[in-house]
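What follows is a set of notes on a single structure, which appears directly below.
The values are calculated or read from the model by the stated rules, or taken from the named source; none is laboratory data. If you're wondering where the values come from, they're calculated on a predicted model, not measured in any experiment. Cβ sites come from the backbone with ideal geometry, for glycine too, and all protein chains shown count toward neighbours. Note: accessible area is taken over every heavy atom of the protein model, side chains too, but ligands, DNA and RNA are not part of it. Shrake-Rupley method; radii C 1.70, N 1.55, O 1.52, S 1.80 Å.
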Amino acid sequence: FYQPLVRLDTGATTAFELLARWPRDGEEIGPDQFISIAEEAGLITDLMLQLLRRGCSEAVDWDGAPAIGINVSPIQLKDMWLSEKILATLARAGFPPHRLAVEITENALIGDPDNAIRTIQSLKNQGIGIVLDDFGTGYSSLQHLRMLPFDEIKIDRSFVQSIDSDPEALKMVRAIVGLASTLGMPVVAEGIESESAAKLLRDLGCAYGQGYHFGHPMSGEQVAALTQAEAALRA
Ligand code: C2E
Ligand code: CA
Ligand code: CA
């Protein structure tokens, strides 16, 4: 499935995040139930590449050439061939690397940071965007922010969801946006569920947003219709 990311100032859709789903016996199983199993079974990179192949083949024709984002598990960065595998998949699909962003969490930089940095740097050298996901949970280490020139920082939805009810959450988000802006990194707020939250974030200077307020994760056909409608509006 694909979930839209929008510019908070204009509302224009700029990208879609790929989110894995497992349809089984007429039901849909969420990633929280199978990602950790795929990691333990050594299947997570195969799963990610399959998702990427599917994503590229659908997204290559979308109007406006939006970017796509894919989640990479920390354990995958131990694979010294990861960047070659991703680049080969893009090349086969004829999908330009600058339209892909890889989302990693800080956990990817724990343990064997040198290897992780090498892999991420090689993706970046090919024009792939690097996003620091779930920022605010876990380590939130300034050291990690200095280790890599991230293209974007995603503020975790636990902060965003309480931004209009909890003054402390608002203060934290303001501080993160300020820090990111000083470092020249645009911020994406995830988990935006209301216009009031979207407005607060826009006023704080947050560049991009994602959440049910703008769109739920949707099928490729739904994205094709959405991007076509947005292109018709622009024309
Ligand atoms: P994530 O990377 O933080 O992805 C965002 C999650 O928040 C998605 O859940 C999305 O459906 C949900 N979400 C989006 N907007 C809202 C909102 O407004 N309110 C609320 N309450 N939730 C919202 P999903 O699809 O269940 O994915 C959960 C997590 O599973 C993802 O969190 C990501 O860490 C992981 N995941 C999903 N697909 C993959 C994958 O292909 N590979 C890996 N390694 N992890 C994946
Ligand atoms: Ca993500
Ligand atoms: Ca996230």
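Rounded to two decimals, the Cα radius of gyration of region 1-100 over 2.2 N^0.38 Å is 1.15. Rg of the Cα atoms in region 66-123, relative to 2.2 N^0.38 Å, amounts to 1.12. Using the rule -39500 (n - 2.57) for each DSSP H run of four or more residues, divided by the residues of the chain, the 222 nm mean residue ellipticity is -13500 deg cm²/dmol. Start at zero, step by 5 Å, and the Cα-Cα distances of the chain spread as 1, 6, 14, 18, 19, 18, 14, 8, 2, 0 percent across the bins. Distant-in-sequence amide contacts of Met218, defined by a placed amide H-H separation under 5 Å and a gap of 5 or more residues or a different chain, comprise Tyr2, Gln3. Computed from phi, the 3J(HN,Hα) profile of region 167-174 under the Karplus parametrisation 6.51, -1.76, 1.60 (θ = phi - 60°) reads x, 5, 4, 4, 5, 4, 5, 4 Hz, with x in place of Gly and Pro.
Size check on region 99-195: the Cα extents along the three principal axes, sorted descending, read 41, 29, 21 Å.
Could you calculate the FRET efficiency of Leu183 with Leu49 from 1/(1 + (r/R0)^6), where r is the beta carbon distance between them and R0 is 35 Å, rounded to 0.05? The partial results should precede the final answer.
Details: r = 31 Å, r/R0 = 0.89.
Between Leu183 and Leu49 the formula returns 0.65.
Taking label positions 7 Å along the Cα-Cβ direction at both Glu40 and Met218, the computed distance is 3.6 nm, reported to one decimal. Ranking Thr182, Thr89 by solvent-accessible area of protein heavy atoms (1.4 Å probe, all protein chains present), from largest to smallest, gives Thr182, Thr89. Under 20 Å from a point 7 Å along the Cα-to-Cβ line of Asp32: which residues of region 198-217 have their amide N that close? Correct set: 210-217. A full extension of the chain between Ser196 and Arg24 corresponds to an added length of 58.2 nm, given 0.36 nm per residue minus the alpha carbon distance. Gain on full extension, evaluated as 0.36 nm per residue between Ala65 and Asn115 minus their Cα-Cα distance, stands at 14.8 nm. DSSP finds beta bridges in the chain, and of those with both partners inside it, around 40 percent are antiparallel. In whole angstrom, note down how far apart the Cα centers of region 1-64 and region 127-194 are. After rounding, the separation between the Cα centres reads 21 Å.
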